[in-house]
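The numbers here are math on the coordinates, done by the rules we state, and not lab data. Source: prediction; values computed, not measured. Cβ: placed from backbone, ideal geometry, glycine included. Neighbour counts: every protein chain shown.
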Amino acid sequence: MQLAETNSIPKPFTVIGIYLENLQIFSDHVEAVSKKDALIKSASTREDANFIAVVPGHIFETQGAITYVGNVSLDGETILNKPELLCSIDDNVTTPLSPEVSDRPALTLDESPILKSFLADAIKSVERAAEVANVSTVNFAIDSSFSDCGEIETSEVADLLDEFGLLFGEHHSVNYLHAVDTICDVINTHFAQKVEA
């Protein structure tokens, strides 16, 4: 593969794209002699990605020059129905990106607005199910198998966890499983702390 304009001096570019299978957004900083060459360089390491734009210069989210809507792209319906997911846009809070490829950054959700939104709903769901079963939530635990916990029926919380996971990837993809495991761990910690309190 021959790069165009090889006699020119390389300049910085930012290439922006997305992985359609999990809607993961990325930006690559490359040195290239043209926008076309920047795309070629980025594509050479991301053959399974789709590319959206090439911008002159190295654009950084932390400098406020670009703001992503989150870890993944969001459709218009989600933005309109769950605007609380966008609270970090104006606060300059960033969450690392997480494509399905292992040599890229891991999904970090601990403080994300998306996790907090789903977590509150999931905890309420567990508490309602425990109330219906007339049992305590002490030591309630759930994992990605979504199995019932003792007498607590988990189908409602499982639906929420599944919806949360699907924001990050298709069923059983690396991102889906990581997102579900993350929220399950936070839920389990919440109910374990109730014992200690």
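Scanning the range 161-176 for residues that are assigned to a loop (DSSP other than H, G, I, E, B) and within 16 Å of K116 (Cβ to Cβ) yields L167, F168. The test for being of a type in the set (G, A, S), surrounded by fewer than 20 Cβ atoms within 10 Å (Cβ to Cβ) and either in a helix (DSSP H, G or I) or touching a residue at least 60 places away in the same chain (Cβ under 8 Å) (or both) does not hold for A129. In the range 19-52, of all residues being farther than 22 Å from H171 by Cα and part of a strand (DSSP E or B), the one that is farthest from the chain's Cα centre (by Cα) corresponds to A32. Within the range 134-170, if we keep just the residues that are in contact with a strand residue (DSSP E or B) (Cβ under 7 Å, 6 or more places away or on another chain) and among the aromatic types (F, W, Y), the residue that is surrounded by the most Cβ atoms within 10 Å (Cβ to Cβ) turns out to be F168.
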